[in-house]
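What follows draws every value from the coordinates through simple rules; no lab data is involved. What you see is a predicted model, and the numbers here were worked out from it, not measured in a lab. As a convention, Cβ positions derive from the backbone with ideal geometry for all residues, glycine included, and neighbour counts pool all protein chains shown.
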Amino acid sequence: MNNEMRDRFLLPILIPVGALAFVAFLALSVSYILLNVPHAVATGVALMLAFNLLMVFAAAAAAPNMSRLSMGMLGGIVLVPLLVGGVAAAGVVEFPDDHGEGGEGDMPVVEIAANNLQFDKDELIIPADTAFVLQFDNQEAQPHNVAILEEEGSSEALFREDPFTGPEVVEWEVEPIPAGEYYFLCEVHPNMNGTATVE
Ligand SMILES: [Cu+2]
């Protein structure tokens, strides 16, 4: 098959099919990039892309008999900023991680507060076998902490942090605890205590 045959029979099929595939690929990758970058970057990339496409179509319309070489150059004009934008976006963006273990943000939060030498609740409900964040709001200028024990009087704590003086809110990461009934208290004021229900 010589070049002329190829041009006459093959190109009319190849060009539209190829163009369709290219447009589909472009649309998918562009939307993927735009959905994953901060708003300002997305707007910039989209504008740049729209401007480039406009230039290419304008050039193609003005010179219908353009050689393949200049077609290739125009393709480059479109693709280069797209690639640059993609790389820039990848640098700016933290892609969401599929496993959902992205740290503190994903953990369940258990809240407790202290004021007037009392906790605001006498039962802590804690998810079983799950690392969680214990958010402790010490609302007064008294040293308090939270310790979780197997039972009242246990010498070893499943969890404890040092007492601190408020007012201050702290977030502690707590290792998973198996289901069961436990005891929690402020070690500075042992009469501040309650039941930790892990379920
Ligand atoms: Cu206390």
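The number of residues in the range 189-199 that are exposed (fewer than 15 other Cβ atoms within 10 Å of the Cβ) and more than 29 Å from Gly105 (Cβ to Cβ) comes to 2. For the range 181-199, the tally of residues that are in a strand (DSSP E or B) and free of Cβ contacts under 8 Å to residues at least 24 places away in the same chain stands at 1. The set of residues in the range 146-174 that are over 20 Å from Thr197 (Cβ atoms) and buried (at least 18 other Cβ atoms within 10 Å of the Cβ) contains only Gly166.
Is it the case that the range 135-156 has a residue that's in contact with a Ser or Thr (Cβ under 8 Å, 6 or more places away or on another chain), in a loop (DSSP other than H, G, I, E, B) and within 15 Å of the ligand (Cβ to nearest atom)? Yes; the residues of the range 135-156 include at least one that is in contact with a Ser or Thr (Cβ under 8 Å, 6 or more places away or on another chain), in a loop (DSSP other than H, G, I, E, B) and within 15 Å of the ligand (Cβ to nearest atom). Within the range 176-188, the set of residues being in contact with a Pro (Cβ under 9 Å, 6 or more places away or on another chain), within 9 Å of the ligand (Cβ to nearest atom) and either of a type outside the set (A, V, I, L, M) or under 14 Å from Glu150 (Cα atoms) (or both) comprises Cys186, Glu187. Contact annotation: residue pairs with Cβ atoms under 6 Å, 6 or more positions apart or on different chains, pairing a residue in the range 150-170 that is closer than 17 Å to His189 by Cα with a partner that is away from the ligand (no atom under 13 Å from the Cβ), are Glu151/Tyr183; Glu152/Tyr183; Ala157/Leu149; Phe159/Ile148; Phe159/Val174; Glu161/Trp172.
If you check Glu171 against the conditions, is it acidic (Asp, Glu), away from the ligand (no atom under 13 Å from the Cβ) and not in a loop (DSSP other than H, G, I, E, B)? Working first, answer last.
Values: acidic (Asp, Glu): yes; away from the ligand (no atom under 13 Å from the Cβ): yes; not in a loop (DSSP other than H, G, I, E, B): yes.
Considered against the rule, which asks whether it is acidic (Asp, Glu), away from the ligand (no atom under 13 Å from the Cβ) and not in a loop (DSSP other than H, G, I, E, B), Glu171 comes out as yes.
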